[in-house]
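Heads up, the thing below is written out as C-alpha cells.
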Amino acid sequence: MQIIHTVTELRAALNNQASIGFVPTMGNLHAGHIHLVELAKQHATIVVVSIFVNPLQFGANEDLASYPRTLEADCEKLKLAGTDIVFAPTVAEMYVDFDGKNLNQSMTITPPPIANELCGASRPGHFAGVATVVMKLFNMVQPNVAVFGKKDFQQLFIIKEMVKQFNLPIEIIAGETMREASDLAMSSRNGYLTDAQRASASQLNSALQGIVNQLKSGNKDFLSLESSAADHLNKAGWEVDYISIRSALTLQPAQTQDSHLVVLGAAKISNNQAGKTRLIDNIEVNV
Ligand code: PAF
C-alpha cells in the first residue's frame, strides 16, 4: 500500500490504471469505512482512499480543531482491508491559494437548494464545502466508481446530484450504515461520547425506528410522527435539530403518495459534564 501526499505523485501512481475505485474520508476510520473500501474493491481493480479533514465544510463554531486525526492507525486498518493507495494531502496541497490561515477558495460548487435544509439548515455552507472538496478529489483521483456511506444520506444525495448535473463519468455506489450492537450508527464523532452518552445514544435510532414502524402500519400523519418523536427525545435530554420524513428519491418532505421514504434525524446528546455531540442517523422504508 502506497501512502501519497501530493497530487503529482498521485497522478503518477494512477497513470494507466484500468479501473479506479475511490473512497473519500476524513480519517479516524471505523468498520463503516472499511465496509466502503470492501465495496470499492468489488467494483474496481485499484482502490484509493483519501484522508483529508476538510476545513471548508466546518462552520466557525464546529469541531475542526478537535476532529480526530489518526493517520497511522487509519493506514494500518486500510492496509489490512487491501487498499492500494492512501491519499493524505495537506491543506496547502488541497487548497492551492492557502496562505497558512485562509483557504482563499474563490471558486466553489453551489449545491442545490436541498443543501440548505436538514443538516444544511444548522450547518450553513457545509454542503458547499463537501461538494467542493469532493469535486477536487474527483479531479485528482479520476475514479470510475466512488463509494459513499448512506449514514450521510443528504451528502450522498447531493454528491449524486453533482455527478448528474456536471456529467461526471463516475458511478456512485452507496454503502449501508454499519451499526454498533445497540444500533447506534458508526461515526467518527462517536469517539466524543462518554460511556454514559454512548449508552443512551441509540435512542436516536430507536426514535427513527418508532416512526418507521408507524409508517409501516399505515400512519401517514407525517408532521405529528415527526413532532412526537422530537418531543420524546427532547424530554429524554436531547437537543433535537430535526426529525424529518422525506421521499428517499427526492429528499423533499414526504407526500402521502410516496412509497420509498427515509426518516432522518439529527440531535445533540448532552450531559452536563461532557458537552454536546451532534449525531445523525436515518432509516429508509418502503410503504
Ligand atoms: O463524509 C465525509 O467523511 C466527508 O464529508 C467527505 C465526503 C470525505 C468530504 O470531506
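Computed from the coordinates by the stated procedures, all read-outs in this text should not be read as laboratory data. Every value quoted in this text rests on a predicted model; they were computed, and no experiment measured them. Heads up, the Cβs are rebuilt from the backbone with ideal geometry, glycines too, and the neighbour counts pull from every protein chain shown.
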Inset, instruction - Name the one entry in Val7, Val23, Val91 that is at negative phi, crowded, with 20+ Cβ neighbours inside 10 Å and of a type outside the set (Phe, Trp, Tyr). - result: Val23
Inset, instruction - Give me the pairs, please: first residue somewhere in region 38-57 and part of a strand (DSSP E or B), second residue anywhere and within 10 Å of the ligand (Cβ to nearest atom) and among the hydroxyl-bearing types (Ser, Thr, Tyr), beta-carbon distance under 9 Å, and either six or more positions apart or on two chains. - result: Val49/Thr25; Ser50/Thr25; Ile51/Thr25
Legend entry - Positions within region 13-27 being within 9 Å of the ligand (Cβ to nearest atom) and in contact with a strand residue (DSSP E or B) (Cβ under 6 Å, 6 or more places away or on another chain), in sequence order: Val23, Pro24, Thr25, Gly27
Inset, instruction - Any chance you could count how many residues in region 228-283 are over 16 Å from Phe153 (Cα atoms) and among the aliphatic types (A, V, I, L, M)? - result: 7
Legend entry - Looking only at region 78-134, and only at residues there that are part of a helix (DSSP H, G or I) and hydroxyl-bearing (Ser, Thr, Tyr), the one that is farthest from the ligand (Cβ to nearest atom): Ser122
Inset, instruction - Show the residue pairs that are 6+ apart or on different chains and have beta-carbon atoms under 8 Å apart, the first residue being within region 104-117 and on the phi > 0 side of the Ramachandran plot, the second being buried (at least 16 other Cβ atoms within 10 Å of the Cβ). - result: Asn104/Tyr95; Asn104/Phe98
Inset, instruction - With respect to Gln197, determine if the residue is assigned to a helix (DSSP H, G or I), within 12 Å of the ligand (Cβ to nearest atom) and of a type outside the set (Ser, Thr, Tyr). - result: no
